Amino acid sequence: MARIAIELPPVFSFSIKIPVRITDLNYGGHVGNDSILSLVHEARVAFLFWNNYTEKDLGGAALIMGDVAIIFKNELFYGDDLTVQVAITELSRSTFDIVYKLQKEVNGKAVDVALAKTGMVCFDYEKRKVMAVPEAVKTKFAHY
């Protein structure tokens, strides 16, 4: 079976701690794959907020997710504190990728829980069309 690969950048520009909630657990007693995507979404919104943006206003554009990839590495349980690191990669005319490294601490060491990538597309909801990444956003994100 072919496996997906996510290339990690050398530096992550943003990090957030997110506690695992009881509602994140599935019938197996660990965080479910759907909850990992929800935690990635939480990290993305926090990253955008940190940059004074939202998913509905990225400097004049809105965002939609074009694709997502998640590589699961280790289980995550209730009571774990998740650290999600975020970086921008593959900035192009109308799209960019957001890469995430999800880790928890075990015996004082950071342990990878998952790696993820979301392909984000700039979108004009009024015209229902893909649009260019605003220049100010390109300039700001080029440093990440």
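Nothing in this text is a laboratory measurement; each read-out follows from the coordinates by a stated rule. Note that the structure is a prediction, hence the values are computed from the model and not measured. Every residue, glycine as well, gets a Cβ built from its backbone with ideal geometry; the counts of neighbours run over all protein chains shown.
Some points to look at:
- Cross-link pairs exceeding 26 Å between alpha carbons, from the set K117/K140; K104/K138; K17/K56; K109/K138; K101/K129; K56/K138: K104/K138; K109/K138; K101/K129.
- At full extension, V45 and I71 could sit 7.3 nm farther apart than now, given 0.36 nm per residue minus the alpha carbon distance.
- Between 0 and 90°, nearest 10: helix 33-50 axis offset from the chain longest Cα axis: 50 degrees
- Counting Lys and Arg as +1 and Asp and Glu as -1 over every other residue whose Cβ lies under 10 Å from the Cβ of I71, the net charge comes to +2.
- At R0 = 41 Å, FRET efficiency that the Cβ-Cβ distance of A5 and K109 yields, to 0.05: 0.95
- Using only alpha-carbon positions in the chain, the gyration tensor eigenvalues give semi-axes of 28, 16, 15 Å once each is multiplied by 5 and square-rooted (largest first).
- The 3J(HN,Hα) values that the Karplus relation (6.51, -1.76, 1.60; θ = phi - 60°) gives for segment 104-113 are, in residue order, 10, 9, 10, 6, x, 10, 6, 10, 5, 9 Hz. Gly and Pro appear as x.
- Neighbour-count order for I16, I64, fewest beta carbons within 10 angstrom listed first: I64, I16
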